[in-house]
Amino acid sequence: MVAAIALESVVKLVAFVAVGVFVTYGLYDGFGDIFEHLNTHPELQRLAIAIPSGKGYTGWFSLVVLSAMAVLFLPRQFQVAVVENVNEAHLKRAAWLFPLYLLLINIFVLPIALGGLLHFAGQGVDADTFVLTLPMSQRHESLTLLVFVGGLSAATGMVIVETIALSTMVCNDLVMPLLLRHQRVALEEAKDLSGLLLSIRRDAIVGILLLGYLYFRLAGEAYALVAIGLISFSAVAQFAPAMIGGMYWRGGTRGGAVAGLLAGFLVWTYTLLLPSFAKSGWLPDGFLTQGLLGIELLQPQQLFGLSGFDEISHCLFWSFFANIGAYVGVSLLRPPTAAEATQATVFVDALKDTGPVGAALWRGRAKVSDLQDLVGRFLGPARGQSLFAAYARRRGFTSGVMLEADAQLVQFAESLLAGAIGSASARVMVASVAKEEPLSIDEVMHILDEASQLRTYSRELERKSRELTAATLELQEANERLQELDRVKDDIMSSVTHELRTPLTSIRAFSELLRDDPRMHLPDRVRFLGLIVSEAERLTRLINQTLDLAKIESGRADWNGCELDLKEIIEQSIAATSQLFREKEAHVELDLPDNLPLILADRDRLIQVMLNLLSNAVKFLPPDNARVSVVLQRQADGLEVSVVDNGPGIRPEDQQLIFEKFRQVGDSMTAKPTGTGLGLPISRRIVEHFGGRLWVESVPGEGATFRFTLPFAPVGEQALAQAVQA
Amino acid sequence: MSKKILIADDEQNIVISIEFLLRREGFAVLVASDGEEALAKVRAERPDLVLLDVMMPKMNGFDVCQALRADPDLSSTRILMLTAKGRDTEVSKGLGLGADGYMTKPFSTKELLAEVRKLLGM
């Protein structure tokens with residue numbers, strides 16, 4: 001059929017262009033000549049104004065809109081562009097070829113129309129027939145024949161395509177669904193239904209042709225061909241909102257589309273169709289001027305007082321207003337159902353998603369043979385078989401291998417049937433053989449739930465995995481810290497062991513010497529026994545201090561914090577070490593002001609710190625002119641104690657080292673210092689425990705100054721303590 | 001002629017005890033209290049044996065041992081390492097660096113004498 005239409009279109013084009021060329025260049029001397037003649041005929045001049053005065057810009061605009069919609073939505077256009085379309089790529093070519101065709105066929109419209117008006121001025125010849133009457137008047141029989149053939153082919157082509165398109169629609173979307181709904185059992189029993197389909201369509205064709213003739217008889221006399229066309233264009237335009245909305249708007253629903261169509265057609269019928277009947281005298285035309293039931297606001301062609309438009313624009317305005325309003329309004333009343341959402345996805349995302357969305361949502365089982373039989377019943381058994389074979393080849397199956405149909409095959413069968421009996425009926429028929437478990441809204445919701453649950457799970461999983469990664473990192477860090485601590489502990493153990501072994505070595509060696517030599521000289525004997533005792537003392541001190549430090553470091557030390565007068569502590573410590581200073585003949589200077597605020601600390605611990613600092617100072621004092629000074633000073637937020645000696649001093653690089661465990665710093669001039677190497681580390685920890693600092697300042701050769709600070713005790717407690725003292 | 005032995009240790013009391021022990025046994029005894037001093041005295045006095053403490057100021061026993069073994073003139077000098085860290089790694093490190101013997105503190109004076117005599121081939 002498409003080939004026939006194509007040929008018809010070409011014939012029409014050739015005939016029309018031929019008569020156009022004849023009129024333009026045969027009767028006149030080209031376009032310019034025809035338009036020249038306008039100036040000599042004033043009554044035609046108004047036609048040459050681009051916008052005829054009667055209709056105005058709105059009329060022109062309405063016509064353009066209507067024509068554009070007609071190109072898309074007229075049944076025959078739809079039939080050719082969509083139903084008969086076998087290849088989507090053809091649409092691209094049609095997109096430029098069809099407008100070009102329209103342009104070509106319209107080039108000579110004005111010359112022919114003007115030529116006719118000029119030529120038959122005052123003779124009352126129907127303008128619709130100019131293309132025939134012009135060549136006839138010049139006795140060009142062959143051209144007349146060509147034009148007649150062209151016109152005939154144009155008319156028949158239009159009629160054929162239109163009626164076939166309409167009959168297919170009537171058959172697929174009206175008759176079959178009704179039949180299937182009311183006589184389903186009978187349909188299932190009948191074996192071959194292709195005959196039934198054919199007869200339905202034939203009847204529809206006859207009916208449509210009769211209706212067309214009827215309208216022509218009733219309204220045709222009053223209207224030109226163009227006017228009839230415009231009335232039907234306006235009707236067809238009512239499909240536009242639902243179709244365009246369906247392609248671009250997800251929110252559209254079935255109810256909205258039906259409401260929009262109903263409203264649009266109702267308004268169209270009232271404002272355009274009924275008036276056309278009335279003007280033909282088939283209806284009383286009283287309601288045209290007085291409005292329905294005498295209400296002026298309801299005048300069909302000046303609805304609600306809207307005047308100043310031509311009837312087409314007027315109809316278009318009100319029908320679109322009602323149509324779009326009802327479509328959007330009703331659609332928004334409730335959210336789309338699952339089926340509508342699926343459809344919307346198929347159409348709106350058609351360019352995005354090439355996957356068969358519909359197929360993905362189909363669940364069920366069907367035998368291939370059942371489907372093939374079903375298709376055969378409507379398309380004929382032979383055609384059904386060949387179509388299925390071709391499909392199998394395309395999918396890469398040898399025919400007959402597939403017994404169970406998959407979703408794609410079911411959809412394929414459905415689309416085949418849809419071409420014959422419409423998509424709604426096709427779905428019903430396929431459902432009758434495919435044991436589909438139809439997707440209810442609950443199930444769709446369930447599927448969506450599962451999907452969202454999966455998403456939740458995967459998010460949860462992601463979160464868990466992130467947490468795990470973080471935990472692993474923490475664990476790694478903790479492990480590294482532990483390993484570090486372990487290494488430190490190992491070092492300390494090793495140091496402690498070393499420190500313990502050293503005095504033990506001396507003790508054992510001296511003991512064995514004494515044991516093995518009973519006749520040892522008395523001075524040696526006394527000296528060795530003295531060394532054994534001092535090494536044993538060193539050992540005891542070492543053990544005590546190691547345990548003490550371990551206790552402080554592990555936080556298990558007992559602290560007896562109370563307000564203390566730091567001056568008193570210092571004086572007590574000096575008294576305890578006075579013997580040491582006397583031995584070294586050291587001069588001790590004190591600078592200890594009275595009435596300083598109290599500090600908060602543990603009395604015994606603080607004395608321990610002072611004793612350590614004082615004994616350290618004594619240890620390094622020079623043999624001559626030994627001097628030690630102890631200074632107590634008030635600072636902004638606490639007290640500062642300085643213990644200054646005039647010993648050798650400490651090298652800058654050693655000033656931090658001496659606060660590490662077992663790190664004793666000797667001097668080449670002096671022997672290795674006695675002591676455990678734990679005094680300063682312990683002292684520093686004690687001071688820091690009470691919020692203070694302990695550090696050393698020293699220039700080598702000029703002595704060393706050990707300083708520590710301790711913050712004031714909180715004011716309230718201090719006042720209380722002073723009050724108690726008072 | 002009596003054998004000459006150098007005691008290198010920074011622990012005064014240990015030096016005193018070993019010095020007394022060795023003199024009583026008839027050895028000539030030298031003393032050093034740090035690594036550098038020990039190295040200098042070995043080069044100057046050429047003792048037959050060095051009792052070398054590992055943990056010493058300025059230059060530890062391992063470094064002194066290495067320096068001694070790097071000097072071909074001193075190849076006949078015996079080295080007995082003394083350490084308070086009795087770990088296997090320390091022992092093998094000392095022996096790997098060329099020490100002839102190894103004793104862990106605290107040691108028995110009898111064993112020390114036996115080891116000293118063995119190293120001196122007596």
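The values are calculated or read from the model by the stated rules, or taken from the named source; none is laboratory data. Everything numeric here is computed off the predicted structure, so don't read it as measured data. Note: ideal-geometry Cβ built from the backbone for every residue, glycine included; neighbour counts use all protein chains shown.
Scan B:50, B:15 and give me the residue that is within 17 Å of residue A:510 (Cβ to Cβ) and within 14 Å of the chain's Cα centre (by Cα).
Values: B:50 fails: within 17 Å of residue A:510 (Cβ to Cβ).
So the residue among B:50, B:15 that is within 17 Å of residue A:510 (Cβ to Cβ) and within 14 Å of the chain's Cα centre (by Cα) is B:15.
Is it the case that residue A:497 is in a helix (DSSP H, G or I), of a type in the set (S, T, N, Q) and within 14 Å of chain B (Cβ to nearest Cβ)?
Details: in a helix (DSSP H, G or I): yes; of a type in the set (S, T, N, Q): yes; within 14 Å of chain B (Cβ to nearest Cβ): yes.
When the stated conditions are applied, residue A:497 passes them.
Filtering the range A:217-231 down to residues that are more than 53 Å from the chain's Cα centre (by Cα) and part of a helix (DSSP H, G or I), which residue is modelled with the highest pLDDT?
In the first step, residues of the range A:217-231 are kept if they are more than 53 Å from the chain's Cα centre (by Cα); the result is A:217-225.
With the extra rule that they be part of a helix (DSSP H, G or I), the set shrinks to A:217-222, A:225.
Values: A:217: 75, A:218: 68, A:219: 61, A:220: 56, A:221: 61, A:222: 57, A:225: 62.
Result: A:217.
Would you point out the residue of the range B:93-116, among those that are in contact (Cβ under 8 Å) with a residue 12 or more places away in the chain and in a loop (DSSP other than H, G, I, E, B), that is farthest from residue B:66 (Cα to Cα)?
Ranking the qualifying residues of the range B:93-116, first place goes to B:107.
Output the number of the condition that residue A:550 fails; it satisfies all remaining conditions of (1) of a type in the set (Gly, Ala, Ser); (2) at pLDDT below 85; (3) within 25 Å of residue A:634 (Cβ to Cβ).
It is condition (3) that residue A:550 fails.
So which of B:23, B:69 is more than 14 Å from chain A (Cβ to nearest Cβ) and either of a type outside the set (A, V, I, L, M) or touching a residue at least 60 places away in the same chain (Cβ under 8 Å) (or both)?
Working: B:23 fails: more than 14 Å from chain A (Cβ to nearest Cβ).
Testing whether each residue is more than 14 Å from chain A (Cβ to nearest Cβ) and either of a type outside the set (A, V, I, L, M) or touching a residue at least 60 places away in the same chain (Cβ under 8 Å) (or both) leaves just B:69.
Could you go through the range B:85-102 and let me know if any residue there is within 26 Å of residue A:534 (Cβ to Cβ) and either at pLDDT 90 or above or not charged (D, E, K, R) (or both). Show your work before the answer.
Going through the range B:85-102, the residues within 26 Å of residue A:534 (Cβ to Cβ) turn out to be B:85-86.
Imposing the further condition that a residue be either at pLDDT 90 or above or not charged (D, E, K, R) (or both) reduces the set to B:86.
Yes, the conditions are met somewhere in the range B:85-102.
Can you find, within the range A:421-462, the residue that is modelled with the highest pLDDT among those that are among the charged types (D, E, K, R) and not in a helix (DSSP H, G or I)? Explain how you work it out, then say what you get.
Applying the first criterion (among the charged types (D, E, K, R)) to the range A:421-462 yields A:427, A:435-437, A:442-443, A:449-450, A:455, A:459-460, A:462.
After this cut, where a residue has to be not in a helix (DSSP H, G or I) as well, the list is A:435-437.
Numbers: A:435: 59, A:436: 52, A:437: 55.
Top of the filtered list is A:435.
Within the range A:256-276, take every residue that is under 40 Å from the mean Cα position of the chain (by Cα) and surrounded by 17 or more Cβ atoms within 10 Å (Cβ to Cβ) and give me the one that is nearest to residue A:65 (Cα to Cα).
Taking the range A:256-276 first, the residues under 40 Å from the mean Cα position of the chain (by Cα) are A:256-264.
Okay, now just the ones that are also surrounded by 17 or more Cβ atoms within 10 Å (Cβ to Cβ), so A:256-257, A:259-261, A:263-264.
Working: A:256: 23, A:257: 21, A:259: 22, A:260: 19, A:261: 18, A:263: 19, A:264: 16 Å.
Among residues in the range A:256-276 that are under 40 Å from the mean Cα position of the chain (by Cα) and surrounded by 17 or more Cβ atoms within 10 Å (Cβ to Cβ), the one nearest to residue A:65 (Cα to Cα) is A:264.
Quick grid of which residues meet (1) outside the structural domain of residue A:661 (by TED's automatic domain parsing); (2) under 20 Å from residue A:690 (Cβ atoms):
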site	(1), (2)
A:502	yes, no
A:535	yes, no
A:541	yes, no
A:568	no, yes
A:571	no, yes
A:579	no, no
A:583	no, no
A:591	no, no
A:603	no, yes
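Does residue A:214 satisfy the criteria of being of a type in the set (A, V, I, L, M), farther than 24 Å from residue A:82 by Cβ and at pLDDT 75 or above?
yes
Would you pick out the residues in the range A:529-550 that are among the hydroxyl-bearing types (Ser, Thr, Tyr) and away from chain B (no Cβ under 14 Å)? Outline the logic, then answer.
Step one: filter the range A:529-550 for residues among the hydroxyl-bearing types (Ser, Thr, Tyr), giving A:534, A:540, A:546.
A:540, A:546 - these are the residues of the range A:529-550 that are among the hydroxyl-bearing types (Ser, Thr, Tyr) and away from chain B (no Cβ under 14 Å).
When you scan the range A:496-509, how many residues do you find that are in contact with a helix residue (DSSP H, G or I) (Cβ under 6 Å, 6 or more places away or on another chain) and free of Cβ contacts under 8 Å to residues at least 12 places away in the same chain? Steps first, please.
Initial filter on the range A:496-509 (in contact with a helix residue (DSSP H, G or I) (Cβ under 6 Å, 6 or more places away or on another chain)): A:496, A:499, A:503, A:505-507, A:509.
When the remaining residues are screened for being free of Cβ contacts under 8 Å to residues at least 12 places away in the same chain, the result is A:505, A:509.
Looking only at that region, the number is 2.
So which pairs qualify, if the first residue must be in the range A:510-528 and without any contact (Cβ under 8 Å) to a residue 60 or more places away in the chain and facing chain B (nearest Cβ under 10 Å), the second must be surrounded by 10 or more Cβ atoms within 10 Å (Cβ to Cβ) and among the hydroxyl-bearing types (Ser, Thr, Tyr), the Cβ gap must be under 8 Å, and the two must be at least 6 apart or on different chains?
A:510/B:17; A:512/B:108; A:512/B:109; A:513/B:17; A:513/B:109; A:516/B:109; A:528/B:17
Residue A:556: among the basic types (Lys, Arg), free of Cβ contacts under 8 Å to residues at least 40 places away in the same chain, within 30 Å of residue A:689 (Cβ to Cβ) and away from chain B (no Cβ under 11 Å), yes or no? First the steps, then the outcome.
Details: among the basic types (Lys, Arg): yes; free of Cβ contacts under 8 Å to residues at least 40 places away in the same chain: yes; within 30 Å of residue A:689 (Cβ to Cβ): yes; away from chain B (no Cβ under 11 Å): yes.
Against the criterion (among the basic types (Lys, Arg), free of Cβ contacts under 8 Å to residues at least 40 places away in the same chain, within 30 Å of residue A:689 (Cβ to Cβ) and away from chain B (no Cβ under 11 Å)), residue A:556 qualifies.
From the list A:713, A:723, A:704, pick out the single residue that is modelled with pLDDT under 75 and away from chain B (no Cβ under 14 Å).
Numbers: A:713 fails: modelled with pLDDT under 75; A:704 fails: modelled with pLDDT under 75.
Result of the check over A:713, A:723, A:704: A:723.
Being outside any loop (DSSP other than H, G, I, E, B) and within 11 Å of chain A (Cβ to nearest Cβ) is the filter here, so list the residues in the range B:72-88 that pass it. If you could, list the steps in order and put the result at the bottom.
Of the residues in the range B:72-88, the ones outside any loop (DSSP other than H, G, I, E, B) are B:72-74, B:78-83, B:88.
Listed by number, the residues that qualify are B:82, B:83.
Looking at the range B:45-57, is at least one residue farther than 23 Å from residue B:107 by Cα and either away from chain A (no Cβ under 12 Å) or surrounded by fewer than 20 Cβ atoms within 10 Å (Cβ to Cβ) (or both)? So that I can check it myself, show each step before the final result.
Going through the range B:45-57, the residues farther than 23 Å from residue B:107 by Cα turn out to be B:45-46.
From what is left, the residues that are either away from chain A (no Cβ under 12 Å) or surrounded by fewer than 20 Cβ atoms within 10 Å (Cβ to Cβ) (or both) are B:45-46.
Yes, because at least one residue in the range B:45-57 is farther than 23 Å from residue B:107 by Cα and either away from chain A (no Cβ under 12 Å) or surrounded by fewer than 20 Cβ atoms within 10 Å (Cβ to Cβ) (or both).
Tell me which residues, restricted to the range A:247-263, are over 12 Å from residue A:337 (Cα atoms) and at pLDDT below 85.
Going residue by residue through the range A:247-263, those that are over 12 Å from residue A:337 (Cα atoms) are A:247-249, A:256-263.
Listed by number, the residues that qualify are A:247, A:248, A:249.
Residue pairs, Cβ under 8 Å, 6 or more apart or interchain, first in the range A:80-95 and in contact (Cβ under 8 Å) with a residue 24 or more places away in the chain, second part of a loop (DSSP other than H, G, I, E, B). List them.
A:84/A:1
Being under 21 Å from residue A:627 (Cα atoms) and of a type in the set (A, V, I, L, M, F, W, C) is the filter here, so list the residues in the range A:637-664 that pass it.
Passing the criteria: A:641, A:643, A:644, A:650.
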